[in-house]
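Right, one structure below, let's go through it.
The values are calculated or read from the model by the stated rules, or taken from the named source; none is laboratory data. This one's a predicted model, so the numbers in the text were calculated from it and none came from an experiment. Note that each Cβ is placed from the backbone with ideal geometry, even for glycine, and that neighbours are counted across all protein chains shown. For accessibility, only protein heavy atoms count, side chains too; no ligands or nucleic acids. Shrake-Rupley method; radii C 1.70, N 1.55, O 1.52, S 1.80 Å.
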Amino acid sequence: AQRVTQPEKLLSVFKGAPVELKCNYSYSGSPELFWYVQYSRQRLQLLLRHISRESIKGFTADLNKGETSFHLKKPFAQEEDSAMYYCARSMNRDDKIIFGKGTRLHILP
Amino acid sequence: GAGVSQSPSNKVTEKGKDVELRCDPISGHTALYWYRQSLGQGLEFLIYFQGNSAPDKSGLPSDRFSAERTGGSVSTLTIQRTQQEDSAVYLCASSLSLAGEYEQYFGPGTRLTVT
């Protein structure tokens, strides 16, 4: 079965410190991978996807097929990064997205 | 433009009653998804529609759950004989087409509380 694993339910990081939110996926074919974010009192929204290889709000994520990982990273955390982060994947272009259980990122002042 | 809307925003119901949750997707979006978000369980896929048909209903937790979509637009998620474990936030999302290629836009959710 397809699986997306986010091992940390809660991650607390001091402002200015590096952030890494872990995501591992079950291997099957060529997955499409995403990170979605939900800020307090806001809707869930797309943060970035691996195919676009872009940096959004200072965050990047590299697909590592050998380790089947798609960790989300930011070199210097900011207080406004506090939110719930979900890693997600689809099997291919024509399939539903499966979400991980999410990691709550708490940036400490 | 208008985003995905859901109604009601909050629903409190007694155990055993039926509830209907509504989702209005972004105009022109052919794909529509329902998820359930509960504490500790993350985002659980329920069902998705491409147009009016539902190719994948595998996420529906039991036969008390059903969903339909009419006119390629509005969708209704129905839960019959609600149980306390059905309490959660139900999220709807839409995308231009199927998920792998296009971004999903989420609604604000319906918070369902079964007493």
Filtering the stretch B:8-36 down to residues that are open to solvent by 50 Å² or more (accessible area, probe 1.4 Å), farther than 22 Å from B:Asp56 by Cβ and modelled with pLDDT of 95 or more yields B:Ser9, B:Asn10, B:Lys11, B:Val12, B:Glu14, B:Lys15, B:Lys17, B:Asp18
Would you check which residues across the stretch A:30-47 are in contact (Cβ under 8 Å) with a residue 24 or more places away in the chain and not polar (S, T, N, Q) and list them? A:Pro31, A:Glu32, A:Leu33, A:Phe34, A:Trp35, A:Tyr36, A:Val37, A:Tyr39, A:Leu44, A:Leu47
Subset of the stretch B:66-110, residues assigned to a loop (DSSP other than H, G, I, E, B) and away from chain A (no Cβ under 12 Å), comes to B:Thr70, B:Gly71, B:Gly72, B:Ser73, B:Val74, B:Gln80, B:Arg81, B:Thr82, B:Gln83, B:Ser87, B:Leu96
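Residues that are within 14 Å of chain B (Cβ to nearest Cβ), touching a Gly at 6+ places or on another chain (Cβ under 7 Å) and open to solvent by less than 80 Å² (accessible area, probe 1.4 Å): list the strands (runs of 3 or more DSSP E) wholly contained in the stretch A:58-109 that include at least 3 such residues.
A:83-90
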Within the group A:Ser12, A:Ser40, which residue is part of a loop (DSSP other than H, G, I, E, B) and among the polar types (S, T, N, Q)? A:Ser40
Matching residues in the stretch A:8-60 - criterion: being under 25 Å from B:Gln37 (Cβ atoms) and among the β-branched types (Val, Ile, Thr): A:Val13, A:Val19, A:Val37, A:Ile56
Looking for something at pLDDT 95 or above and more than 14 Å from chain A (Cβ to nearest Cβ) - is there at least one such residue anywhere in the stretch B:43-56? no
